[in-house]
Amino acid sequence: MTHALPHAAAPAPFAEELSTRFREAMASYPSGVTVVTTTDDQGAWRGFTATSFCSLSVDPPLVLVCLARTAQCHTAFAKADSWVVQVVPHRRADLATRFATRGVDKFGGGDFTVTAAGHPVFEEAAAVMECESYVRYDVADHTILVGRVRDVRVREVAPAVYFRRGFHALPD
Ligand SMILES: Cc1cc2nc3c(=O)[nH]c(=O)nc-3n(C[C@H](O)[C@H](O)[C@H](O)COP(=O)(O)O)c2cc1C
């Protein structure tokens with residue numbers, strides 16, 4: 001489903017410059033870091049790193065995350081009935097790097113166990129949210145995945161913060 005307003009394309013040089021400045025602006029916006037996981041229809045574990053995660057509503061408890069349609073895991077998430085969000089702790093920022101790298105063995109290393117729904121879960125996460133797929137919207141080159149939170153676990157560990165293309169810790 002797409003809800004796009006009519007818009008005019010910007011002339012090419014301006015669009016390029018705007019795109020660069022847009023990226024700079026977004027790089028200066030600090031955000032938490034998540035790894036989102038699910039299982040594809042062959043039973044294989046799938047996942048990606050996402051900073052586009054945010055809460056959408058409290059009643060019902062909804063969250064959203066945006067996934068590029070070019071991602072190899074896109075088909076799995078486009079079909080998944082449920083998925084899991086894990087907030088990456090700062091001391092495990094390596095996990096965020098791994099899940100942002102196409103083609104690597106993302107689940108190697110024994111960091112993951114399995115949820116009741118059969119999805120991989122990183123229990124050392126600062127927070128785990130098990131979500132049921134609520135609705136999906138295709139917008140431009142991304143799909144917005146909206147999930148209804150069905151279970152939550154929180155741990156007192158410092159989360160990673162992504163800022164100016166690097167991972168940071170919050171000061172104590
Ligand atoms: C810090 C960080 C945040 C990212 N956030 C997103 C995001 O919100 N949505 C997205 O589609 N890709 C995001 N990416 C890129 C994906 O994690 C990466 O392209 C991933 O490999 C896609 O999955 P694939 O290996 O199945 O193609 C991010 C990468 C990094 C390093």
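Only the coordinates and a few stated rules stand behind these numbers; no lab work does. In this text, all values refer to a predicted model and were calculated from it rather than measured experimentally. Here the Cβ positions follow ideal geometry from the backbone for every residue, glycine too, while neighbour counts run over all protein chains shown.
Couple of notes before you dig in:
- Each helix, a run of at least 4 DSSP H residues, gives -39500 (n - 2.57); summed and divided by the residues of the chain, these come to -5000 deg cm²/dmol at 222 nm.
- Sites GLU17 and ARG69, calculated FRET efficiency, Cβ-Cβ separation with R0 25 Å, nearest 0.05: 0.50
- Full extension of the chain segment joining VAL104 with VAL135 gains 8.3 nm, where the gain is 0.36 nm per residue of separation less the Cα-Cα distance.
- Residue-by-residue Karplus 3J(HN,Hα) for segment 37-47, coefficients 6.51, -1.76, 1.60, Hz, glycine and proline x: 10, 7, 10, 7, 6, 9, x, 7, 6, 9, x
- For LEU56, the residues whose modelled amide H falls within less than 5 Å of its own, excluding neighbours fewer than 5 places apart on the same chain, are LEU62, VAL63, LEU64.
- For segment 6-15, 3J(HN,Hα) per residue [Karplus equation, 6.51 cos²θ - 1.76 cosθ + 1.60, θ = phi - 60°, Hz, x = Gly/Pro]: x, 8, 9, 6, 6, x, 3, x, 5, 4
- Sorted by Cβ neighbour density within 10 Å, fewest at the top, the residues ARG46, ARG102, ARG165: ARG165, ARG102, ARG46
- In this label model, ALA78 and ASP59 are separated by 3.7 nm, measuring between points 7 Å along each Cα→Cβ vector.
- Charge dipole (segment 4-64, unit charges on Cβ, about Cα centre) - positive-most of SER55, TYR29, ALA10: TYR29
- Across PRO89, PRO30, PRO11, mean-square fluctuation computed from a Gaussian network of the chain (C-alpha pairs under 10 Å connected) peaks at PRO11.
- The ranking of CYS66, CYS73 by Cβ neighbour count inside 10 Å, starting from the fewest, reads CYS66, CYS73.
- Exposure proxy order (Cβ contacts within 10 Å, fewest to most) of SER31, SER82: SER31, SER82
- Spin-label model distance (nm) - LEU5 vs ALA169, 7 Å beyond Cα toward Cβ: 4.3
- The charge dipole of segment 31-164, taken about the Cα centre with unit charges on the Cβ atoms of Lys, Arg (+1) and Asp, Glu (-1), comes to about 320 debye, rounded to the nearest 20.
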